[in-house]
Amino acid sequence: MQAEQEAQFQEFVRARWSHLVRTAYLLTGDAHHAEDLTQTALAKAYRSWRRVARSDSPEAYLRRMLVTCNSDRFRKRRVAESLTPTPPERAGSDDAVSRADERGALLTALAGLPPKQRAVVVMRYWEDLSEAEVAEVLGCSPGTVKSQAAKGLAKLRTYPGLAQVMDAPARGRTPSGQGGVR
C-alpha cells in the first residue's frame, strides 16, 4: 500500500472507529466480540483499501463487511452465546440508570432476534439508514428489508422486558396508559 493510501486508511479508521464498533456491538451484543469483529473487517478492508476507497461510500462498504464477518462467525463454529441482560453500570443520575435499564432491555431483546433481522433492525432504526441503503449493505432487495424489519419489530414488541420498559410512566404516558397530551 502506498503512503498516501496508508494515511487515508488510518484517517478513516480514526474517524469511524467508534461508530463501527457501536454498529458491531449492536450486531453481536458483546463489547469484546464487537471489537474483534471491527478489527477483522478493518483488516480485510486494509488488504483491499484501493477498492474500498473507490466505492461510493467506504463506510457503507465497511458496514457490509461487518455484517458479513458477523455471519461468518456463526458459520465457523456453533457456540452458544451468553449475553448479559444489562450493560455495565455507570455512575450517574437516576435518569442515567433508567436509560441504562432501557438500553439493557433493548440489547437483550435484540440478542433474541435472528442475525438477519437483528442486522436490519440495527441498521434501519438505530443507524437510521434508508431501506435502500440497508438493502445495499445486506445485498438483498428492499422488500426483504421491509419484511425482516416488520418481523423483527413484531418480535421485539412481544419481548416482555422491553414492553415493561416502554410502558413505564416516565415515558410520557398518561395515567390511562394512552400516549399524548392531556
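Considering only the range 100-116, state which residues are within 17 Å of LEU162 (Cα to Cα), assigned to a helix (DSSP H, G or I) and open to solvent by 10 Å² or more (accessible area, probe 1.4 Å).
ALA100, ASP101, GLU102, ARG103, ALA105, LEU106, LEU107, THR108, ALA111
Does any residue in the range 41-52 that is assigned by the TED database to the domain that holds VAL21 come within less than 6 Å, Cβ to Cβ, of a residue that is of a type in the set (Val, Ile, Thr) and assigned to a helix (DSSP H, G or I) six or more places away or on a different chain, and which pairs are these?
Between residues of the range 41-52 that are assigned by the TED database to the domain that holds VAL21 and residues that are of a type in the set (Val, Ile, Thr) and assigned to a helix (DSSP H, G or I), the close pairs are ALA45/VAL52.
Right, ARG77: surrounded by fewer than 18 Cβ atoms within 10 Å (Cβ to Cβ) and modelled with pLDDT of 90 or more or not?
Working: surrounded by fewer than 18 Cβ atoms within 10 Å (Cβ to Cβ): yes; modelled with pLDDT of 90 or more: no.
So ARG77 fails the test.
For ALA149, are the conditions met, namely being without any contact (Cβ under 8 Å) to a residue 12 or more places away in the chain and among the aliphatic types (A, V, I, L, M)?
Numbers: without any contact (Cβ under 8 Å) to a residue 12 or more places away in the chain: no; among the aliphatic types (A, V, I, L, M): yes.
No, not satisfied.
Test ALA168 against the stated conditions and say whether it is among the aliphatic types (A, V, I, L, M), under 19 Å from LEU106 (Cβ atoms) and modelled with pLDDT of 55 or more. It would help to see each step written out before you state the result.
Values: among the aliphatic types (A, V, I, L, M): yes; under 19 Å from LEU106 (Cβ atoms): yes; modelled with pLDDT of 55 or more: no.
Judged against the criteria, ALA168 is not a match.
Going through the range 136-152 one residue at a time, which ones are crowded, with 21+ Cβ neighbours inside 10 Å and over 12 Å from VAL67 (Cα atoms)? Step through it out loud before you land on a result.
So the first thing to find is which residues in the range 136-152 are crowded, with 21+ Cβ neighbours inside 10 Å, and the list is 137, 145, 148, 152.
VAL145, GLN148, GLY152, listed by residue number.
Would a scan of the range 5-24 turn up a residue that is part of a helix (DSSP H, G or I), surrounded by fewer than 17 Cβ atoms within 10 Å (Cβ to Cβ), within 19 Å of the chain's Cα centre (by Cα) and among the acidic types (Asp, Glu)?
No, the range 5-24 contains no residue that is part of a helix (DSSP H, G or I), surrounded by fewer than 17 Cβ atoms within 10 Å (Cβ to Cβ), within 19 Å of the chain's Cα centre (by Cα) and among the acidic types (Asp, Glu).
Restricting attention to the range 116-153, report how many residues are in contact with a Phe, Trp or Tyr (Cβ under 9 Å, 6 or more places away or on another chain) and among the polar types (S, T, N, Q).
0
Given ASP56, ASP72, which one is modelled with pLDDT under 90, in a loop (DSSP other than H, G, I, E, B) and not assigned by the TED database to the domain that holds VAL122?
On the way: ASP72 fails: in a loop (DSSP other than H, G, I, E, B).
Exactly one of ASP56, ASP72 is modelled with pLDDT under 90, in a loop (DSSP other than H, G, I, E, B) and not assigned by the TED database to the domain that holds VAL122, namely ASP56.
The values are calculated or read from the model by the stated rules, or taken from the named source; none is laboratory data. Because the structure is predicted, anything quoted here is derived from the model rather than measured. All Cβ positions, glycine included, derive from the backbone under ideal geometry; neighbour counts span all protein chains shown. The accessibility values were calculated without ligands, DNA or RNA, using every heavy atom of the protein model including side chains. Shrake-Rupley method; radii C 1.70, N 1.55, O 1.52, S 1.80 Å.
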